[in-house]
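Enquirer: Dumping the structure here so I can ask a few things about it.
FYI, it's all coordinate maths here, none of it is from the lab. Given the structure is predicted, the values throughout are model-derived calculations rather than measurements. Here the Cβ is made from the backbone with ideal geometry for all residues, glycine too, and neighbour counts use every protein chain on show.
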């Protein structure tokens, strides 16, 4: 499913107002990177989002899933090498607020919790200055094997590191 804020180029080529339409769209710096705060929030709350936040020194990959009734979103962070299943529960989003719960596997002082809380507050406030300090990357799939990609460089290139090595060797 295409993100509602990103129009296909082919659809625009045949339109006289193509440039005007492109200028209305949020700027996407690289494939896989979302820079518009409203588009970030839409992505996070869509129901089954996987995305990576990258700062100057660290990066964390999160998965946010919507509850069946749609009132709560559960936040998990990637904590191992398998980017399909190595997620641990961090907390929940309810009524626009992020909070840890009794089942949270990480504490308030952990890097992933502090990073997500900082991101969520900046996002809700639409703080462009704060959001400019990080990169928001949505997940992608490797063009060779179809595995989920979460490392920003792999998302941008569309190929995972193992498959890239295999293709270079061939």
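Enquirer: For the stretch 58-83, which positions are in contact with a strand residue (DSSP E or B) (Cβ under 6 Å, 6 or more places away or on another chain) and either over 17 Å from residue 117 (Cα atoms) or exposed (fewer than 11 other Cβ atoms within 10 Å of the Cβ) (or both)?
Expert: Step one: of the stretch 58-83, the residues in contact with a strand residue (DSSP E or B) (Cβ under 6 Å, 6 or more places away or on another chain) are 59-66, 72-79, 83.
Listed by number, the residues that qualify are 66, 79, 83.
Enquirer: Got a sec? Which of 107, 146, 91 is part of a loop (DSSP other than H, G, I, E, B) and within 21 Å of residue 74 (Cβ to Cβ)? Show your work before the answer.
Expert: Numbers: 146 fails: within 21 Å of residue 74 (Cβ to Cβ); 91 fails: part of a loop (DSSP other than H, G, I, E, B).
Step by step, each of 107, 146, 91 is checked, and only 107 is part of a loop (DSSP other than H, G, I, E, B) and within 21 Å of residue 74 (Cβ to Cβ).
Enquirer: Name, by its number, the condition in (1) under 15 Å from the mean Cα position of the chain (by Cα); (2) crowded, with 19+ Cβ neighbours inside 10 Å that does not hold for residue 90.
Expert: (1)
Enquirer: Can you spot a residue in the stretch 41-49 that is over 19 Å from residue 99 (Cβ atoms), within 10 Å of the chain's Cα centre (by Cα), assigned to a helix (DSSP H, G or I) and in contact (Cβ under 8 Å) with a residue 24 or more places away in the chain? Let's see the steps before the verdict.
Expert: So in the stretch 41-49, the residues over 19 Å from residue 99 (Cβ atoms) come out as 42-43, 46-48.
If we keep only those that are within 10 Å of the chain's Cα centre (by Cα) too, we end up with 43.
When the remaining residues are screened for being assigned to a helix (DSSP H, G or I), the result is 43.
Subset that is in contact (Cβ under 8 Å) with a residue 24 or more places away in the chain: 43.
For the stretch 41-49, residues over 19 Å from residue 99 (Cβ atoms), within 10 Å of the chain's Cα centre (by Cα), assigned to a helix (DSSP H, G or I) and in contact (Cβ under 8 Å) with a residue 24 or more places away in the chain: present.
Enquirer: Being free of Cβ contacts under 8 Å to residues at least 12 places away in the same chain, assigned to a helix (DSSP H, G or I) and under 15 Å from residue 52 (Cα atoms) is true for just one of 80, 153. Which residue is that? Don't jump to the end; show me each part of the working.
Expert: On the way: 80 fails: assigned to a helix (DSSP H, G or I).
Just a single option satisfies the conditions, and that option is 153.
Enquirer: Which residue out of 108, 68 is without any contact (Cβ under 8 Å) to a residue 12 or more places away in the chain and farther than 19 Å from residue 47 by Cα?
Expert: After applying the criteria, what remains is 108.
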